[in-house]
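Here the structure comes first, spelled out in structure tokens, and everything after it is commentary.
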Amino acid sequence: MTDRPAPTGTANGAAPPARSARPRALVTGVTGQDGSYLAELLLAKGYEVHGLKRRASSFNTDRVDHLYQDPHEDDVRFRLHYGDMTDSTNLIRLVQDVRPDEVYNLAAQSHVAVSFETPEYTANADGVGALRLLDAIRILGLGGTTRFYQASTSELYGKAVETPQSETTPFYPRSPYAAAKLYAYWMTVNYREAYGMHASNGILFNHESPRRGETFVTRKITRAAARIALGTRETVYLGNLDARRDWGHARDYVEGMWRIVRHDAPGDWVLATGRTTTVRAFCEWAFAAAFAAVGRDVGIEWGGAGEGEVGRRTDTGAAVVRVDPAYYRPTEVDLLLGDASKAERELGWRPTTTVEELAAEMVAHDLAEAEREARASAGPSDARVPAPPA
Ligand code: NDP
Ligand code: GDR
């Protein structure tokens, strides 16, 4: 992390960036998993990228630090601006200053379980936030030129009405998060129809990566599996192991976002892998990959049921996964399985990573992280990772 100067932009009183021939994108949520991959993709495609970041009491730009450029340099193509989706004056000023060709609205309180604890804030940031941005584009007279992408979600389908879920499947949101995203979805459709804006929804099924937030289930599992395989941790507590998700790789999905925005006509597209897996199966892959990486052929044996279910390692019988009902949700989304055939047909988009490859990549990353952690805590005089337990 770097102690960098304040983010630039006329919001801070600086002169607006001179208009260049380069396409210019504004990415909200740039410090998140998807924002960081999208910023990389857009920079590689020659864009100038402006990202919205929140003020925090400590550094919160880990995922984009490698893209940082000193704002005093001549040819700066990546700039961060302070802002918040709950502050419309800030968003209007930002859109006015940047005058983006493309806006990717990825910012959100994105944790479904947390949305039950903070329903009003989630509605404000995730639902009304999208409206604020759409309306900023409209009132600044940019509706005819600026393209808009809304990060919509498979959570909109909620209670499975049909599977696989496609653009024509009815929505049935099951959380404050999903209800807020439903509002944002329809405001995007409405601004497209009412004002002729090139405004689109990507209805994205779960996508993960080594940059996934640590409290989402896949990353929680891969981090725990890595530490358990290294012997620095014993158990991970999880909620509903029967939930089924259609998991893909975030890098593939940001490519889909860009294709949606570049498509001639705006619309709504599902991005998914077309394969669904239980949380339990993801655990099995992650633990097998973590133990294999430290040279052990260890699996998980499941016993018990529901709240009493335990996953034991097959060599020692020690419990490595336990269920804690505290992680159950008041209303659960049991089954997500997407049909992305419209995206394949119209956008030429197809996922490239299987869920097993995804689990293995995340575990490899988390093993390296856990080893660094273990070395750091061992201190300089004994900078060795402890040997994995027998
Ligand atoms: P993350 O949680 O990793 O990132 C969310 C981003 O939004 C972060 O940059 C966060 O900032 C920012 N943010 C949160 N609240 C505000 C706010 N009030 N004002 C400004 N910025 C804010 O999510 P993902 O990258 O995984 O997801 C990106 C988007 O796609 C989200 O809208 C999510 O709901 C949606 N989505 C995600 C899917 C997935 O599987 N990943 C699937 C479908 C949709 P900070 O870093 O400071 O917290
Ligand atoms: P989700 O992702 O709710 O699908 O939303 P998450 O990884 O949080 O949960 C997936 C499933 O796993 C079950 N689960 C647990 N979940 C968490 N977080 N922690 C646990 O310990 C645990 N145990 C079991 C959950 O109940 C759920 O069924 C993600 C987010 O990225 C959203 O922003 C996005 O819109 C959707 O994916 C598509």
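Anything in region 98-153 that is assigned to a helix (DSSP H, G or I), in contact with a Phe, Trp or Tyr (Cβ under 6 Å, 6 or more places away or on another chain) and away from ligand 1 (no atom under 13 Å from the Cβ)? List them, or say none.
Listed by number, the residues that qualify are LEU134, ARG138.
Output yes when any residue across region 158-171 is closer than 23 Å to TYR47 by Cβ and part of a loop (DSSP other than H, G, I, E, B), and no when none is.
The answer is no, given that none of the residues of region 158-171 is closer than 23 Å to TYR47 by Cβ and part of a loop (DSSP other than H, G, I, E, B).
Go through region 90-116 and count every residue that is surrounded by fewer than 20 Cβ atoms within 10 Å (Cβ to Cβ), under 21 Å from PHE216 (Cβ atoms) and away from ligand 2 (no atom under 13 Å from the Cβ).
Total meeting the criteria: 0.
Is it fair to say ARG212 is closer than 25 Å to VAL30 by Cβ and within 12 Å of ligand 2 (Cβ to nearest atom)?
The answer is yes for ARG212.
Output the residues belonging to region 61-78 that are surrounded by 14 or more Cβ atoms within 10 Å (Cβ to Cβ), under 14 Å from GLN33 (Cβ atoms) and out of contact with any helix residue (DSSP H, G or I) (no Cβ under 8 Å at 6 or more places or on another chain).
Correct list: THR61 only.
Output yes when any residue across region 221-239 is in the same structural domain as ARG63 (by TED's automatic domain parsing) and within 25 Å of THR276 (Cα to Cα), and no when none is. Before you say what the answer is, go through the steps one by one.
Let us first name the residues in region 221-239 that are in the same structural domain as ARG63 (by TED's automatic domain parsing), namely none.
For region 221-239, residues in the same structural domain as ARG63 (by TED's automatic domain parsing) and within 25 Å of THR276 (Cα to Cα): absent.
Out of the residues in region 35-73 that are touching a strand residue (DSSP E or B) at 6+ places or on another chain (Cβ under 7 Å) and of a type in the set (D, E, K, R), state the one that is nearest to ARG212 (Cα to Cα).
Ranking the qualifying residues of region 35-73, first place goes to LYS53.
Yes/no per residue for (1) away from ligand 1 (no atom under 16 Å from the Cβ); (2) farther than 30 Å from GLU373 by Cβ; (3) crowded, with 18+ Cβ neighbours inside 10 Å; (4) of a type outside the set (Gly, Ala, Ser):
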site	(1), (2), (3), (4)
LEU204	no, yes, yes, yes
HIS207	no, no, yes, yes
ARG212	no, no, yes, yes
ILE228	yes, no, yes, yes
LEU238	yes, no, yes, yes
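For region 47-58, state whether one or more residues are out of contact with any Leu (no Cβ under 6 Å at 6 or more places or on another chain), more than 26 Å from ARG251 (Cβ to Cβ), in a strand (DSSP E or B) and within 14 Å of ligand 1 (Cβ to nearest atom).
Here is the first cut: in region 47-58, the residues out of contact with any Leu (no Cβ under 6 Å at 6 or more places or on another chain) are 47-48, 52, 54-58.
Imposing the further condition that a residue be more than 26 Å from ARG251 (Cβ to Cβ) reduces the set to 55, 57-58.
Checking the rest, the ones that are also in a strand (DSSP E or B) come to none.
No: zero hits.
What pairs come up if the first residue lies in region 180-203 and is in contact (Cβ under 8 Å) with a residue 12 or more places away in the chain, the second is assigned to a helix (DSSP H, G or I) and of a type in the set (Val, Ile, Thr), and their beta carbons are under 6 Å apart, counting only those six or more places apart or on different chains?
Filtered contacts from region 180-203: ALA180/THR122; ALA199/THR188; SER200/ILE260; ASN201/THR188; GLY202/ILE260.
Only one residue in GLU307, GLU332 is in a helix (DSSP H, G or I) and at pLDDT 95 or above, so which one is that?
Details: GLU332 fails: in a helix (DSSP H, G or I).
Just a single option satisfies the conditions, and that option is GLU307.
Run down ASP246, ASP264 and say which single residue is closer than 30 Å to THR169 by Cα and within 16 Å of ligand 1 (Cβ to nearest atom).
ASP246
Determine whether region 177-191 contains at least one residue that is more than 15 Å from ligand 1 (Cβ to nearest atom), assigned to a loop (DSSP other than H, G, I, E, B), assigned by TED's automatic domain parsing to the domain that holds ASP34 and surrounded by fewer than 22 Cβ atoms within 10 Å (Cβ to Cβ). Steps first, please.
Step one: of region 177-191, the residues more than 15 Å from ligand 1 (Cβ to nearest atom) are 186, 189-191.
Filter once more, so that each one left must be assigned to a loop (DSSP other than H, G, I, E, B): none.
Scanning region 177-191, I find no residue that is more than 15 Å from ligand 1 (Cβ to nearest atom), assigned to a loop (DSSP other than H, G, I, E, B), assigned by TED's automatic domain parsing to the domain that holds ASP34 and surrounded by fewer than 22 Cβ atoms within 10 Å (Cβ to Cβ), so the answer is no.
What are the residues in region 213-262 that are aliphatic (A, V, I, L, M) and within 17 Å of ALA289 (Cα to Cα), if any? Walk me through how you get there before you give the answer.
Of region 213-262, the ones aliphatic (A, V, I, L, M) are 217, 221, 224-226, 228-230, 236, 238, 241, 243, 250, 254, 257, 260-261.
The answer is VAL217, ILE221, ALA224, ALA225, ALA226, ILE228, ALA229, LEU230, VAL236.
Among the residues of region 329-343, count how many are surrounded by fewer than 16 Cβ atoms within 10 Å (Cβ to Cβ) and either touching a helix residue (DSSP H, G or I) at 6+ places or on another chain (Cβ under 8 Å) or charged (D, E, K, R) (or both).
3
If only one of SER58, SER36 is more than 20 Å from LEU204 (Cα to Cα) and either surrounded by fewer than 23 Cβ atoms within 10 Å (Cβ to Cβ) or modelled with pLDDT of 95 or more (or both), which one is it?
Result of the check over SER58, SER36: SER58.
Within region 255-297, which residues are under 18 Å from the mean Cα position of the chain (by Cα), part of a loop (DSSP other than H, G, I, E, B) and closer than 30 Å to ALA194 by Cα?
Within region 255-297, just ALA272 meets the criteria.
The values are calculated or read from the model by the stated rules, or taken from the named source; none is laboratory data. Because the structure is predicted, anything quoted here is derived from the model rather than measured. As a convention, Cβ positions derive from the backbone with ideal geometry for all residues, glycine included, and neighbour counts pool all protein chains shown.
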